[in-house]
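Asker: My structure is below; once you've seen it, I'll send some questions.
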């Protein structure tokens with residue numbers, strides 16, 4: 001037993017030294033939750049706030065432009081135009097070929113041209129569309145030309161019937177159609193009694209261009225223009241056809 005004491009003392013010294021070193025070293029102890037106590041749950045990451053709802057910008061509706069009335073319709077708020085009108089015209093046609101030529105004693109001469117003379121006519125115009133852009137005109141009239149002297153006189157007369165289709169664009173009216181010369185003839189008296197000439201009724205073609213001036217504050221117009229007539233006249237007893245083409249001026253009113 002006495003031989004074992006030094007060994008036990010050495011072991012005791014070694015153990016004490018180890019305990020001293022262990023006590024001297026810093027230690028961190030995890031704190032255990034007490035029995036029966038719930039540990040705090042780990043903190044959850046903060047929740048991101050939901051994005052604000054994105055609403056589309058309110059639609060901006062531009063004011064719609066007024067819809068123009070269809071071509072041929074009367075303007076809104078305006079009184080509808082009358083579809084049937086009365087027309088009257090006066091004019092003068094110059095016939096290129098002579099029917100009769102007269103020489104005067106004191107000098108000078110005069111003539112009656114084929115299908116020429118002053119004209120007066122009345123009729124009706126039908127507006128084919130309410131705007132008046134297209135129309136149809138039917139007229140009946142009289143044409144008269146005269147030469148006279150101290151010892152005689154002669155005249156040409158006819159009764160023209162015309163049917164024209166017209167196109168009104170701005171202040172211009174363009175028309176074309178048929179012209180029927182009824183009972184054209186030449187009659188003389190006195191020194192020109194032998195100038196009588198009967199001609200056959202003849203159908204021709206007429207073209208016309210007019211400038212139209214609407215009435216202010218009234219539904220109507222005044223017009224002036226030029227016309228050209230392609231026509232031939234035949235003597236009732238036979239013979240060659242006479243060129244009765246004519247160039248004329250015209251003025252008229254529409255009511």
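What follows draws every value from the coordinates through simple rules; no lab data is involved. Quick caveat: nothing in here was measured; it's all calculated off a predicted structure. For neighbour counting, all protein chains shown are included, and Cβ atoms are generated from backbone atoms with ideal geometry for every residue, glycine included.
Asker: So how do 150-162, 214-226 stack up, highest first, on mean other-Cβ count within 10 Å?
Answerer: By packing density, highest mean first, the sequence is 150-162, 214-226.
Asker: Right, here's the next one. Using only Cα atoms, what is the ratio of the radius of gyration of region 84-254 to 2.2 N^0.38 Å?
Answerer: 1.15
Asker: Another question, then. Using per-residue counts of other Cβ atoms within 10 Å, averaged over each peptide, order 201-207, 85-91 from highest down.
Answerer: In decreasing order of mean packing, 201-207, 85-91 become 85-91, 201-207.
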